[in-house]
Amino acid sequence: MQKKNSGIKIFAPASVGNVVCGFDVLGLAVKGVGDEVIAYFKEKPGLEIVHISGAKGKLPYEVKKNTAGLAAWRLLEYLGKTELGIALELRKKMPIGSGLGSSAASAVAGAMAINELLKRPLEKRDLLPFALAGETLAIGGQAHADNIAPSLLGGITLVRSSNPPDVQRLPIIPGLHLSLLSPELQVLTKEARSILSDAVPLKDFVRQSANLGAFVAALYRQDFQLLRRSLEDFVIEPQRASLIPQFYPLKEAALEAGALGCSISGAGPAVFALSANSLVAEEVKEAMSEIWTRAGIDHQAWVTEIDMEGAKKM
């Protein structure tokens with residue numbers, strides 16, 4: 001059997017779910033931040049997680065209780081290869097419960113690692129259901145592909161359906177940059193969902209639908225001003241804002257510094273802003289960071305672009 005030095009390493013990027021106006025349907029991949037999974041053959045039959053780093057001991061080694069492990073296992077089941085001896089190593093490069101698609105990145109990397117190790121029996125897009133199985137484990141309910149899809153495929157994605165997966169990649173406006181802030185706090189997706197109301201006022205539904213349509217149109221038209229007008233959330237952000245300390249002052253600072261829009265990344269507590277170029281994005285980052293610094297909230301802040309490649313072999 002092969003040894004570790006002939007295995008493969010997969011990087012799957014972080015992601016921003018919802019992208020302001022597209023709850024559970026829009027997502028974008030974040031360049032330069034993500035998780036890694038290493039896979040290699042071993043003598044003993046069966047799939048095994050042999051090492052996890054960066055998770056502060058919070059993640060299980062049991063394959064079917066780990067997002068990367070379960071995604072990998074489901075793919076092996078589908079291929080009829082569960083008897084193969086395969087070892088996985090998971091390298092967490094971002095905090096759990098950060099709102100940056102940590103569990104999605106691990107699930108994507110787990111599924112893709114198996115696919116690459118077995119010489120790509122499936123196309124990349126066809127790995128979506130197996131990665132979704134891992135994400136479902138993480139959130140404790142039916143997962144949506146708004147984080148999975150961009151982490152796997154890259155770019156900005158629109159999820160028409162998660163089951164069965166029906167995902168469309170949207171165009172990118174050149175120059176678009178992100179300012180990202182991640183506080184030293186944790187908000188689990190299932191907890192952030194528990195506070196959401198099942199009822200949406202009709203007027204808010206109409207306004208939200210219009211913004212989602214305008215968002216897609218803005219990308220196809222390469223129109224920053226239309227994009228700016230579409231980046232408003234009437235449904236989810238007002239319900240989750242209380243989970244994010246100093247959220248509204250932080251958002252106001254971002255907009256005053258020139259951001260096209262600012263909102264909660266996924267379930268939070270990370271916050272992001274979109275800007276038309278890197279210079280504005282830097283100024284937005286500094287303005288946002290100052291709000292949390294003055295409030296005594298420890299955080300990381302950086303400027304990056306949209307990752308156009310998605311999960312990849314390193």
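So if we plug the beta-carbon distance of residue 41 and residue 225 into 1/(1 + (r/R0)^6) with R0 = 45 Å, what FRET efficiency do we get, rounded to 0.05?
Values: r = 54 Å, r/R0 = 1.19.
Computed FRET efficiency for residue 41 and residue 225: 0.25.
Using 0.36 nm per residue of separation minus the Cα-Cα distance, give me the extension gain between residue 6 and residue 184 in nm, one decimal.
Values: separation 178, 0.36 × 178 = 64.08 nm, distance 3.72 nm.
Gain on extension, residue 6 to residue 184, equals 60.4 nm.
Provide the gained length on full extension for the span residue 293 to residue 279, in nm with one decimal, where the gain is 0.36 nm per separating residue minus the Cα-Cα distance. Walk me through the numbers before you get to the answer.
Details: separation 14, 0.36 × 14 = 5.04 nm, distance 2.11 nm.
Length difference between fully extended and current span is 2.9 nm.
Picking from 118, 52, 187, whose Cα lies most toward the positive end of the charge dipole for the chain (charges on Cβ: Lys, Arg +1; Asp, Glu -1)?
118
When the helix-only estimate is applied to the chain (DSSP H runs of n ≥ 4, each -39,500 (n - 2.57), divided by the residue count), what is the mean residue ellipticity at 222 nm, nearest 500 deg cm²/dmol?
Details: 10 runs with 111 residues, N = 314.
Theoretical 222 nm ellipticity from helices: -10500 deg cm²/dmol.
Could you name the aspartates and glutamates whose alpha carbon sits less than 19 Å from that of residue 58, not counting residues in the same chain fewer than 8 places away?
35, 36, 48, 89, 135, 184, 191
Mark the label point 7 Å from the Cα of residue 77 along Cα→Cβ and return the residues of region 33-57 whose backbone N is within less than 19 Å of it.
The answer is 46-49.
Taking 51 Å as R0, compute the FRET efficiency from the Cβ-Cβ separation of residue 256 and residue 48 and round it to 0.05. Intermediate values should be presented prior to the final figure.
Details: r = 52 Å, r/R0 = 1.02.
Taking R0 as 51 Å, the efficiency between residue 256 and residue 48 is 0.45.
Run down the lysines and flag those whose C-alpha is under 18 Å from the C-alpha of residue 9, throwing out any fewer than 8 positions away in its chain.
31, 42, 92, 93, 119, 124, 312, 313
Using the Kirkwood radius built from alpha carbon pairs, what does the Stokes-Einstein equation give as D for the chain at 20 °C and 1.002 mPa s, in µm² per second?
Details: Rh = 19.6 Å.
Roughly 110 µm²/s, to the nearest whole number.
Please identify which residues in region 109-150 have an amide N closer than 14 Å to a label point set 7 Å out from the Cα of residue 58, following the Cα→Cβ vector.
138-139
Please find the FRET efficiency linking residue 194 to residue 300, where r is the Cβ-Cβ separation and R0 is fixed at 30 Å, and quote it to the nearest 0.05.
On the way: r = 26 Å, r/R0 = 0.88.
Once rounded, the FRET efficiency stands at 0.70.
Quick one: if you stick a label point 7 Å off each Cα along the C-beta vector at residue 166 and residue 142, how many nm between them?
So the two model labels end up 1.4 nm from each other.
Taking θ = phi - 60°, what integer Hz values does the Karplus form 6.51 cos²θ - 1.76 cosθ + 1.60 yield along region 130-135, in sequence order, with x for Gly and Pro?
After applying 6.51 cos²θ - 1.76 cosθ + 1.60, I find 6, 5, 4, 4, x, 5 Hz.
Which residue fluctuates the most in the chain, going by a Gaussian network model with Cα springs under 10 Å, if the choices are 116, 290, 282?
Result for the chain, Cα springs under 10 Å: 290 fluctuates most.
Bear in mind these aren't lab numbers, they're just calculated from the coordinates by the rules spelled out. What you see is a predicted model, and the numbers here were worked out from it, not measured in a lab. With ideal geometry, Cβ positions are generated from the backbone for all residues, glycine too; neighbour counts draw on all protein chains shown.
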